[in-house]
Structure formats: C-alpha cells, structure tokens
Amino acid sequence: MKNIIILVSGGGTNLQALIDAEKSGGIQGGKITCVISSNPDAYALERAKNNGIKTRVIPRKDYTDSVSYSHEILAALNEEKADLVVLAGFMTILDQCVTKAYAYKIINVHPALIPSFCGEGFYGLKVHKAALDYGVKVSGATIHFVNEKADAGAVILQGTVDIKPDDTPEVLQRRIMENVEWKLLPKAVSLFCQDKIEIRDGKAYVRE
Ligand code: GAR
C-alpha cells in the first residue's frame, strides 16, 4: 500500500474528490495518510479532519524564501514516508530539493491544457481569466508530474470542456473542476498506485 501525502492551500475540493474516491474503492494500492497545508486557514484541513486523516500545517508565510520552505516540506514528506505526493490546489512552487528527491513521485493538477496558460503566476482563477481573455474555445485540466520547471513535467492525463460565450472565470473554473479535475486526479493517483504509469524519454504513458 503506497502512502499518499496531499499538499493543499485552499478549499480542497480536489482533496475531497480524492477522499471520496478512496472511500468508494476508486484508489487501488494507495491510502491518503497525511494532508499538509501551506495555509493555516485552508478549509481543506477541515475536510481532512472530518475524514480522520492526519493533518500538518507548514505556513508559507513563516519562511522568507522558497528554498527554506521547501526544505521543511521535504523533511515532512520524508517523516511521513511518502510514496506519492499530490499537489491538490497547492499554491507554492517547490524548490528542486523536493522535486529532485521525489522525481516522478509528485503529481499536480493544473486547471488548463498545458502548455497553454501555465507556468509561474498562472494559478487558480487567473488561469481561467487568461483563457477567457485569449478567446480560446476549449479549456480543461492537466494532471502531470512535477519537475524543476513550473507546470513543465510529463503530462499524465488531460480532459477538455467547451467554453461558452457568457462564461466568467468562476463559471469556467467550476465546469473544469466538475468535469475534469475531480475525475482525472483520482484516476491518475490510482494508476500511479498500481504502477500503471510508465516513463519513457521523459514522457508518461498509461497502461490501462
Ligand atoms: C483547482 O482548480 C486547481 O486546479 C488549481 O487551484 C484550484 C484548487 O481548488 N490549482 C492551480 O492553479 C495550481 N497551479 P481546490 O482547493 O478546491 O482543490
């Protein structure tokens, strides 16, 4: 059984999707053993506690830079004996001390079709505003491995939604979460825990 550690910063709807998937047998070969938040007030912490999952808070604001913060995260992941780390709405970019130690063991959900609308500065509603400002006709979400560059690791799964003429960033965000993120993130986690994701030449391939 793989230990799944989930990193969060906010509302935690993706965390909830993972908890629900685990409860209904949708995550084979893994168990959510700890939720770590960068934000002491994140509602995601309540979701974890309501489901009897261990929580830890490592506040980003207590650290002056990303490197010192990342060392603290690395120590926590090692203590928790993480086999898989999931960034589920985690709004801090991790330094390479973490991404190298956990190469191809960190999965992120990004709310756009990478390589569009991604990289540093593209997070949360900003991503959806950028997609609407550009005028693209489809958007979606990407589940990918995390490497040294923001949103640049191997893509595992992607899903799309149509954009409608009167969409706001909030409406589009909700449509992408419901139709793509909450389904594909648990699916990718389950595939990982069953060793069904292979890496060849830096690309991820799923064995279904
Ligand atoms: C989700 O839409 C997730 O894709 C996005 O933030 C939201 C978190 O929601 N993540 C990023 O933008 C990371 N770059 P949640 O806290 O309800 O899961």
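How large is the helix-only mean residue ellipticity at 222 nm for the chain, computed as the sum of -39500 (n - 2.57) over DSSP H runs with n ≥ 4, divided by its residue count, in deg cm²/dmol to the nearest 500?
The helix contribution divided over the chain gives -9500 deg cm²/dmol.
State, as an integer percentage, the relative contact order of the chain based on alpha-carbon contacts under 8 Å between residues 6 or more apart.
21 percent
Taking H as built 1.01 Å from N, whose amide H comes closer than 5 Å to the amide H of T55, not counting residues under 5 places away?
V35
For region 8-118, which whole-number percentage of the solvent-accessible area (1.4 Å probe, protein heavy atoms only) is attributable to carbon and sulfur atoms?
Carbon and sulfur: 49 percent of the exposed surface of region 8-118.
How many lysine pairs in region 125-208, separated by 8 or more positions in sequence or lying on different chains, have Cα atoms less than 21 Å apart?
For region 125-208, the number of qualifying lysine pairs is 10.
Mind ranking C34, C97 by accessible surface for me, highest first, 1.4 Å probe?
In descending accessible area the options line up as C97, C34.
I'd like the distance separating the alpha-carbon centroids of region 91-137 and region 169-186, in whole Å.
14 Å
Using a 1.4 angstrom probe on the protein heavy atoms only, could you order M91, M177 from most to least accessible area?
M91, M177
Along the charge dipole of the chain, Cβ charges K/R +1 and D/E -1, which of P59, V155, A112 sits furthest on the positive end?
V155
Do any trypsin sites (Lys or Arg not before Pro) in region 104-201 lie in a DSSP loop with no more than 14 other beta carbon atoms within 10 Å, and if so, which?
K137, K149
Report, to the nearest 10°, how far helix 66-79 tilts away from the longest principal axis of the Cα atoms in the chain, using its own Cα long axis and a range of 0 to 90°.
Result, in degrees: 60.
At a probe radius of 1.4 Å, what is the per-residue accessible area of Y63, in Å² to the nearest 10?
60 Å²
For the chain, report the accessible area per residue in Å² (1.4 Å probe, heavy atoms, rounded to an integer).
Here the residues of the chain average 48 Å² of exposed surface.
If you take the beta carbon distance between K203 and D20 as r and set R0 to 25 Å, what does 1/(1 + (r/R0)^6) give as a FRET efficiency, to the nearest 0.05?
Given R0 = 25 Å and the Cβ-Cβ separation, E is 0.25.
The values are calculated or read from the model by the stated rules, or taken from the named source; none is laboratory data. Only a predicted model underlies this, so the values are computations on that prediction, with no experimental measurement involved. Neighbour counts run over all protein chains shown; Cβ positions are idealised from the backbone, glycine included. Surface areas here come from the heavy atoms of the whole protein model, side chains and all, with no ligands, DNA or RNA. Shrake-Rupley method; radii C 1.70, N 1.55, O 1.52, S 1.80 Å.
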